[in-house]
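A quick write-up on the structure given underneath.
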Amino acid sequence: MFVKDELKKLGLHFIVVDLGEVEIMEELTDDQKEQLNDGLLVQGLELMDDKKAILIEKIKNTIVKMVHDVDSEELKVNFSDYISEKLNQNYTYLSNLFAEVVGTTIEQFIISHKVEKIKELIIYGELTISEIAWKMNYSSVQHLSTQFKKVTGLTPSHFKGLKDKRRSPLEEVGNTNHV
């Protein structure tokens, strides 16, 4: 709604305003781009018109949706096929672009998000580690534990014992410095 208001203020006509995406009927002048970007920044949003940056954001959003919506069947499919199909792009191209721009692989980004979701599920305390492993589509509790320890330095059981360990904001997940 805020994006629509900003577009209207600038007298721009839009076809689609969707999460993370806007299709505008006119070509934006540099002045309009600057005004729109300034208006969006006030709300913590930013204007992206670089096709590669947009594609990277789409990859990240697809992964976040896939991993954090664990009740869906999306975690049960092959990640590369899923991402490629959702974005209608060759996975090798997406993977190379992502690694070049973000500085980590798509696989590592997915693992970071899976571990963050596992932390959330452990903190909520409603599921056992076995149930979490099944829900997050791990082949075994051992596989989950190994991946969790590699990312956090802790076993899931040890993490469960830490009451004050806080989750990371989603924006920071996948950064190479993140634990």
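The values are calculated or read from the model by the stated rules, or taken from the named source; none is laboratory data. Given the structure is predicted, the values throughout are model-derived calculations rather than measurements. Calculation scope for accessible area: heavy atoms of the full protein, side chains included, ligands and nucleic acids excluded. Shrake-Rupley method; radii C 1.70, N 1.55, O 1.52, S 1.80 Å.
So here's what we get for this one:
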item	result
Under Karplus coefficients 6.51, -1.76 and 1.60, residue-wise ³J(HN,Hα) of segment 92-106 in Hz, glycine/proline x	4, 4, 4, 5, 5, 4, 4, 4, 5, 7, 8, x, 8, 7, 4
Rounded to the nearest 10 Å², the accessible area of ASP30 at probe 1.4 Å	120
Amide H contacts under 5 Å for ILE24, placed H, 5+ residues apart	ILE15
Alpha-carbon centroid distance for the pair segment 95-114 / segment 132-153, whole angstrom	18
With DNA, RNA and ligands ignored, accessible area of SER139 (1.4 Å probe; Å², nearest 10)	110
Distance violations [Cα-Cα > 23 Å] among LYS65/LYS160; LYS86/LYS114; LYS8/LYS33	LYS65/LYS160
